[in-house]
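The values are calculated or read from the model by the stated rules, or taken from the named source; none is laboratory data. Because the structure is predicted, anything quoted here is derived from the model rather than measured. When we count neighbours, we look across all protein chains shown, and the Cβ atoms used for this are built from the backbone with ideal geometry, even at glycine.
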Amino acid sequence: MNKKITTISLLLITATLILSGCSLLQKKTAEESTESFEDNQSESMMKDGEIEQERVPRVTSAPEGAITYEITNGSSVSYQVNKTYFGKPSILVKGTTNNVLGYGWADFDNQKFNLEANIDLFSLSTDSSKRDSDIKNLFGAGDATVKLIKVKDTITKDKEFATTATLEITVNKVSQQTDFEINGIFTESGLEITGMGNTTISGFGIKAPGAENIFEVQDELELTFVIEAKTEISPKSMMQGEDNKIESMMGDEQ
C-alpha cells in the first residue's frame, strides 16, 4: 500500500515538474519573440530615420554669425495647371504637398541668404486619386530639390519684405532657374516666406500628359509655396547658454 502511494506521489511530482518546465519554456519563447519584434521595430525605425536624414539637405557652409533655420510643419508647395477636354472649357488642376523638408541661413550683415529644400513629389495630392497616380508616373525620382540662388533686394531682419528671388528647381535630375515673387519676414526665432512663380513641364524633360482628341494639359505651370522655419540652435549657442546658466547658479550661491 505504501509502495503504491509512493509511486503515485512520484508520478504527481514528475508531472508537476514537466508542466512547470513547459510553462517556463513558453514564457521564455514569448519573451524572446517580444524582444525580437522590438529589435526589428527599432532597426526599422533607425533605417527609416537614416533614409529620412539622407533625404534632408543640411546647412554645411553657414558663415560666422549667420542665423540658421530648419523648415518646419506648416510649409507647403503647390502647382496649378490648365487641363482642357476637347469641346469643353478648360479646368484648373491644383496639387499640393506638405512634405517639405530643408534648411537655410541668413547673413544680414553681408546680405547673403541660403535655402535648400526637398519636396516629396509622390505626396502631391489633387482632388482625384487617379490623377495623383498618373502624376507620380511622370517622375523618375520621388523628390524635387529647390535651392535659393539669389535675392534681388535688401532684406532686413524683423522687417517684412517683398522682392524677387531666383530659385533653382531640380526634377528628374533636370534643373531650371526660375524667378519667384516672394514676401515674408526673417526674425531671430524663425522665418515665414510665401512665393509664386511660373515654369514649364517640358523644361524638366517631361512631356505634358494628354490623350489625342480627348484632353491636353498646358505646358506652363504656376508654382506657389509657403515656407515656415524655426531657428536652429547651434552648438556654440548651446555652450554659451550652458555657460550663462552655470554663471547664474554660481552667482546665486554667493
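A few remarks follow.
- The range 138-160 residues that are more than 11 Å from Ile119 (Cα to Cα), paired with ones that are among the aliphatic types (A, V, I, L, M) and assigned to a loop (DSSP other than H, G, I, E, B) (beta carbon under 7 Å, 6 or more apart): Leu138/Ile206
- Boolean, Phe225 is modelled with pLDDT under 95 and either touching a Leu at 6+ places or on another chain (Cβ under 6 Å) or among the hydrophobic types (A, V, I, L, M, F, W, C) (or both): no
- Failed condition for Ala62, given (1) surrounded by fewer than 19 Cβ atoms within 10 Å (Cβ to Cβ); (2) out of contact with any Asp or Glu (no Cβ under 7 Å at 6 or more places or on another chain); (3) in contact (Cβ under 8 Å) with a residue 12 or more places away in the chain: (1)
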